[in-house]
1. Would it be correct to say that Y109 is at negative phi, surrounded by 12 or more Cβ atoms within 10 Å (Cβ to Cβ) and touching a strand residue (DSSP E or B) at 6+ places or on another chain (Cβ under 6 Å)?
2. Within region 104-123, take every residue that is assigned to a loop (DSSP other than H, G, I, E, B) and in contact (Cβ under 8 Å) with a residue 12 or more places away in the chain and give me the one that is nearest to L83 (Cα to Cα).
3. Within region 77-120, track down each residue that is within 15 Å of S62 (Cα to Cα) and among the acidic types (D, E).
4. For P85, are the conditions met, namely being out of contact with any His (no Cβ under 7 Å at 6 or more places or on another chain), loosely packed, with under 13 Cβ neighbours inside 10 Å and outside any strand (DSSP E or B)?
5. I'd like the residue in region 43-55 that is without any contact (Cβ under 8 Å) to a residue 24 or more places away in the chain and either on the phi > 0 side of the Ramachandran plot or more than 19 Å from the chain's Cα centre (by Cα) (or both) and, out of all such residues, is surrounded by the fewest Cβ atoms within 10 Å (Cβ to Cβ).
6. Yes or no: region 56-75 includes at least one residue that is at pLDDT 70 or above, surrounded by 13 or more Cβ atoms within 10 Å (Cβ to Cβ) and part of a helix (DSSP H, G or I).
Amino acid sequence: MPLNQTRTRTLTLSNTGTVALDWSIAEAGGTTPVIVEATDDLAAKFADGLEGIRAAAAPPCSYSVPLPPNGEALNLNLVNVVLVPQDSGPEAILNVAGPDECEFGGWYYDPPDDPQSIELCPNTCDVVSTPFAS
């Protein structure tokens, strides 16, 4: 699936006769369908299915360290992480020294001495993972 293609998720009741179609739609969108059995606890299973879709659609909280431009060295002090909410302008996220400094949110390199990834602090991850936050 190309990177710029919209991921399609489906939620299906198993006794509706559309399971095969929903598999096709979901697979074409790079996902698998959530199939809910129509039982006495349908409402709870349906809610669980929606929560699973929401969790799968949430942005990640771990990112690769960016590659430097060709022929240049990456200056880790110049890397910025920015949240762009749908209803306002860009908001810079504060870089902190490590996970022990995450009390007020932010992001940090992991591991700090030889960065392999950029990790969002738990509070910040919660913000970006909330629907309509980013």
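The values are calculated or read from the model by the stated rules, or taken from the named source; none is laboratory data. As the structure is a computational prediction, the values presented were derived from the model and not from experiment. Cβ atoms come from the backbone with ideal geometry, glycine included; neighbour counts cover every protein chain shown.
1. So Y109 does not fit the description; no.
2. Among those residues, the one meeting the criterion is G106.
3. D110, E119
4. no
5. Once the filter is applied, the top-ranked residue is A43.
6. no
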